[in-house]
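Data first, discussion second: the structure below is written as C-alpha cells.
The values are calculated or read from the model by the stated rules, or taken from the named source; none is laboratory data. Owing to the predicted nature of the structure, the values given are computational and were not obtained by experimental measurement. Note that we place each Cβ from the backbone using ideal geometry, even for glycine, and neighbour counts take in every protein chain shown.
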C-alpha cells in the first residue's frame, strides 16, 4: 500500500482496537495456555499492541507468584504501547518500541509469541525470514516460538466491500483488495460519522502458508514441534482456517 509503513496500522487503529477485537478469543484460556508453555520462564510478545494478551499474562504470572515469568512486549506503534499501562497487569509489562526483526530484545526467552495475524504485518518473505532468525537468536535452549495466523485460501474475491458495523450515527466499511499471486492483501476501514466526517484506518499484510512458515523456520534452525487449529489446542487438519504453530530449536 503506497505511503504505508510499519507504524501505520497501529497508529490508525489504537483508539478502537480494544473495542473492535475484544471478542477475538477467550483471553483467560489463551493466557493459561501460554503460561503453561512458558513453564515459569520469561515471555516475549511480538506486535504486543495494546497489551490484549500481555497485560493479563503479566497479571496472571504475578498472581501465581511466578517471579521469573516476566512479560516483555515489542510494537512499532507508540499509540498502541501507550494503552498497555492502563490495563490490569499492564504496569508489569516491559513495553518496548521496536519491530519484530531489529527491535527484539536480548533473551533468552522461554516463550516468544506472535498472536492473531500479526506476523503477516512483516512485508515480504525476506523480513519474515529475518524475524524467524531473530527469534531463534533469543530463544532459550528449550524455548518455544508460538505463531498464530490464518490459513490462506486459494479462492475469494480480489476486491471486497462489506459493512463492519452500523449504527444510527456511524457506519464502518471494510474495503479490501487481495493479490493471491503476490500473497498480499491491503485495505481500509472507512469510518463515517455524523459528527466527525470520514476516518481512514489502513492495513496491509503479506501472508504465508503453514508450509512456507515451516521452511522459514527450518532455515533459521527451528523445527515444528506441534500445530493446533486454534489457541484452544483443537486439532489442525485440512479443514482448518487458522493455525497455531509451535516451533523449537532443531
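Tabulated data
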| read-out | value |
| --- | --- |
| Segment 185-203: number of residues that are more than 23 Å from residue 244 (Cβ to Cβ) and under 20 Å from the mean Cα position of the chain (by Cα) | 6 |
| Segment 64-83: number of residues that are farther than 10 Å from residue 51 by Cα and in a loop (DSSP other than H, G, I, E, B) | 9 |
| Any chance residue 126 is in the same structural domain as residue 44 (by TED's automatic domain parsing), outside any loop (DSSP other than H, G, I, E, B) and touching a strand residue (DSSP E or B) at 6+ places or on another chain (Cβ under 8 Å) | no |
| Among residues of segment 101-110, those that are assigned to a loop (DSSP other than H, G, I, E, B) and under 22 Å from residue 142 (Cβ atoms), counted | 5 |
| The listed residue being surrounded by 13 or more Cβ atoms within 10 Å (Cβ to Cβ) and either part of a strand (DSSP E or B) or assigned by TED's automatic domain parsing to the domain that holds residue 34 (or both), out of 233, 227 | 227 |
| Any hit, segment 177-189, residues being modelled with pLDDT under 95, more than 23 Å from residue 147 (Cβ to Cβ), out of contact with any strand residue (DSSP E or B) (no Cβ under 7 Å at 6 or more places or on another chain) and in a strand (DSSP E or B) | no |
| Residue tally, condition assigned to a helix (DSSP H, G or I) and under 19 Å from the mean Cα position of the chain (by Cα), over segment 212-224 | 5 |
| Selected residue (criterion: surrounded by the fewest Cβ atoms within 10 Å (Cβ to Cβ)) from residues of segment 190-201 that are in contact (Cβ under 8 Å) with a residue 12 or more places away in the chain and not in a strand (DSSP E or B) | 195 |
| Yes/no for residue 129 being surrounded by fewer than 21 Cβ atoms within 10 Å (Cβ to Cβ) and touching a helix residue (DSSP H, G or I) at 6+ places or on another chain (Cβ under 9 Å) | yes |
| Residue in segment 241-248 that is touching a strand residue (DSSP E or B) at 6+ places or on another chain (Cβ under 7 Å), more than 21 Å from residue 124 (Cα to Cα), surrounded by 16 or more Cβ atoms within 10 Å (Cβ to Cβ) and at pLDDT 95 or above present | yes |
| Single match in 135, 146, 113 (criterion: modelled with pLDDT of 95 or more, outside the structural domain of residue 190 (by TED's automatic domain parsing), in contact with a strand residue (DSSP E or B) (Cβ under 6 Å, 6 or more places away or on another chain) and not in a strand (DSSP E or B)) | 135 |
| Selected residue [crowded, with 16+ Cβ neighbours inside 10 Å and either free of Cβ contacts under 8 Å to residues at least 24 places away in the same chain or under 30 Å from residue 129 (Cα atoms) (or both)] from 49, 65, 103 | 49 |
| Residue within segment 150-162 that is touching a helix residue (DSSP H, G or I) at 6+ places or on another chain (Cβ under 6 Å), in contact (Cβ under 8 Å) with a residue 24 or more places away in the chain and within 30 Å of residue 238 (Cα to Cα) present | no |
| Any pair with Cβ under 6 angstrom, 6 or more apart, that starts in segment 70-83 at a residue that is in the same structural domain as residue 18 (by TED's automatic domain parsing) and at positive phi and ends at one that is crowded, with 20+ Cβ neighbours inside 10 Å and assigned to a loop (DSSP other than H, G, I, E, B) | none |
